[in-house]
1. Identify, from the list 273, 235, the residue that is among the charged types (D, E, K, R) and open to solvent by 50 Å² or more (accessible area, probe 1.4 Å).
2. Among the candidates 341, 312, 297, which residue alone is farther than 23 Å from residue 253 by Cβ, within 16 Å of the ligand (Cβ to nearest atom) and hydroxyl-bearing (Ser, Thr, Tyr)?
3. What is the one condition in (1) in contact with a Lys or Arg (Cβ under 6 Å, 6 or more places away or on another chain); (2) outside any helix (DSSP H, G or I) that residue 298 does not satisfy?
4. Name the single residue that is nearest to the ligand (Cβ to nearest atom) among those in segment 279-294 being over 16 Å from residue 201 (Cα atoms) and open to solvent by 80 Å² or more (accessible area, probe 1.4 Å).
5. Write out, first by first residue and then by second, each pair whose Cβ atoms fall under 6 Å of each other, whose residues are 6+ apart or on separate chains, and whose first residue, in segment 75-88, is within 12 Å of the ligand (Cβ to nearest atom) while the second is aromatic (Phe, Trp, Tyr) and at pLDDT 95 or above.
6. From 147, 160, grab the single residue that is under 23 Å from residue 259 (Cα atoms), open to solvent by 30 Å² or more (accessible area, probe 1.4 Å) and more than 14 Å from the ligand (Cβ to nearest atom).
7. Under the condition of being in a strand (DSSP E or B) and within 15 Å of residue 289 (Cβ to Cβ), which residue from segment 141-157 is modelled with the lowest pLDDT?
8. Tell me which residues, restricted to segment 8-40, are open to solvent by 20 Å² or more (accessible area, probe 1.4 Å) and among the small types (Gly, Ala, Ser).
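The values are calculated or read from the model by the stated rules, or taken from the named source; none is laboratory data. What you see is a predicted model, and the numbers here were worked out from it, not measured in a lab. Counting neighbours? That spans all protein chains shown, and the Cβs are built from the backbone with ideal geometry, glycine included. Note: areas computed on protein heavy atoms with side chains; ligands, DNA, RNA excluded. Shrake-Rupley method; radii C 1.70, N 1.55, O 1.52, S 1.80 Å.
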Amino acid sequence: MNGKKLNIGLFGFGTVGCGLYDVLKRIGSKNVEIKRICVRDLSKQRPIDAEFTDNADDIFNDPDINFIVELIDDADAAYTIVKRALQMSLPVVSGNKKMLAHHIEELIELQARYNVALLYDASACGSIPVIRNLEEYYDNDLLTSVKGILNGSSNFILSKIFNEKMSYADALKLAQDLGFAESNPSLDIDGWDSLFKLIIITIHAFGLYVAPEDIFTYGISNMNDADIRFANEKERRFKLVAHVEKLQGNKLIMSVMPQLISRNKYIYSVEDEFNGVVIKGLFYDKQFMFGRGAGGYPTGSAVLSDITACLYDYKYEYKKRNDSQMPTYTTDHSFRVYYRYSDYADLDLVKFESVSENYISDEYKYVVGKVSLRELHKVQDELRKRNVFIAAYPND
Ligand SMILES: NC(=O)c1ccc[n+]([C@@H]2O[C@H](COP(=O)([O-])OP(=O)(O)OC[C@H]3O[C@@H](n4cnc5c(N)ncnc54)[C@H](OP(=O)(O)O)[C@@H]3O)[C@@H](O)[C@H]2O)c1
């Protein structure tokens, strides 16, 4: 690509597509141009005068287009577009974490087969360049864990609850009114968005792909006032934390769940719609990356950074996937949790290995105890349906 001009076929002109367009216009790039834009609904009014289409063929059959940027909100259609581009040896930049979390293994294989790049730094943590850093800088042997707040909407809600004493329902409504949360907020608050990002991060941190259905995922939608009171009494806050960690024996654990975070932790002070990622290693202890994880301009600028990287022929090499020491995934790991319930039948749902605190009142009950990820994963759908709330409760 060096010295070449990139003529982009852009799919999607929503928050991020528009953001990319404006960012490109503002910097006045000479060697990157958006040639044509494919959208779903051609009848919508668009704020710019550009060549729009609703037919993907108009992009793929245009001989001038030598680069694809995929920024649509439909994971199945995104998969078709990205696959088709790679099979035509057209480099692609994508922001679609859901699509990547499900199809990344096949897409890695296609990149190798057609010797073409697929970059997606914008898909995890928006403007924070976490993927390229994990890929290039952090050696697998030294890296021990990556943990963070990867979803801005749920963090915004938690910030409003803990800082402004807002109710959960009001905080969610405000997040939706301000455009932070989806109209169907489950993706954000039930942890799915964080899960997809965690899967992508783990590929680049440790080389291993783990399918979404194999990872314990639980969000904040069951949290109530009793839980918030408990956190305040302990001088902690709930944060929705995505976590991958290498244990002894080269085993990898992963989870997305609320965690009671104490004041001395970096992510305690990640507020509102911001994201924060803590990277831990054997010899450097901790490093912290912080920034805007969403929004048109922050994400658009991350997409532009990927586009520019392609100008210099950059590709993810997935070096850690070829490592003979690649870790293996396990759910065989126990840790301390806070578990609030009202009905004794709901307590029986989870098999605790030990219980260190047991509180009972007419209004609500809770236990603090040790449980394994395997146990939690087995009942994760049921946990969401019942009137219970569970959060990791680390000792420090
Ligand atoms: N929003 C963020 O801050 C953010 C951050 C990181 C990553 N992402 C990811 O970036 C992607 C785009 O997000 P967004 O927030 O920009 O979405 P959005 O505002 O909902 O816009 C989606 C765009 O995709 C178009 N579209 C949908 N299906 C299509 C299809 N089959 N063919 C062509 N165009 C199609 C829509 O067309 P119409 O305009 O005609 O409806 C619309 O322009 C998603 O994968 C999202 O997860 C978003």
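1. On the way: 273 fails: open to solvent by 50 Å² or more (accessible area, probe 1.4 Å).
235 is the lone residue from the list that is among the charged types (D, E, K, R) and open to solvent by 50 Å² or more (accessible area, probe 1.4 Å).
2. Details: 341 fails: within 16 Å of the ligand (Cβ to nearest atom); 312 fails: within 16 Å of the ligand (Cβ to nearest atom).
Answer to the selection: 297.
3. Of (1) in contact with a Lys or Arg (Cβ under 6 Å, 6 or more places away or on another chain); (2) outside any helix (DSSP H, G or I), only one is false for residue 298: (2).
4. Among those that are over 16 Å from residue 201 (Cα atoms) and open to solvent by 80 Å² or more (accessible area, probe 1.4 Å), it is 292.
5. From residues that are within 12 Å of the ligand (Cβ to nearest atom), the pairs are 81/11.
6. Values: 160 fails: open to solvent by 30 Å² or more (accessible area, probe 1.4 Å).
Being under 23 Å from residue 259 (Cα atoms), open to solvent by 30 Å² or more (accessible area, probe 1.4 Å) and more than 14 Å from the ligand (Cβ to nearest atom) holds for just one of 147, 160, which is 147.
7. Across segment 141-157, the extreme among qualifying residues is 143.
8. Once the filter is applied, which keeps residues that are open to solvent by 20 Å² or more (accessible area, probe 1.4 Å) and among the small types (Gly, Ala, Ser), segment 8-40 yields 14, 28, 29.
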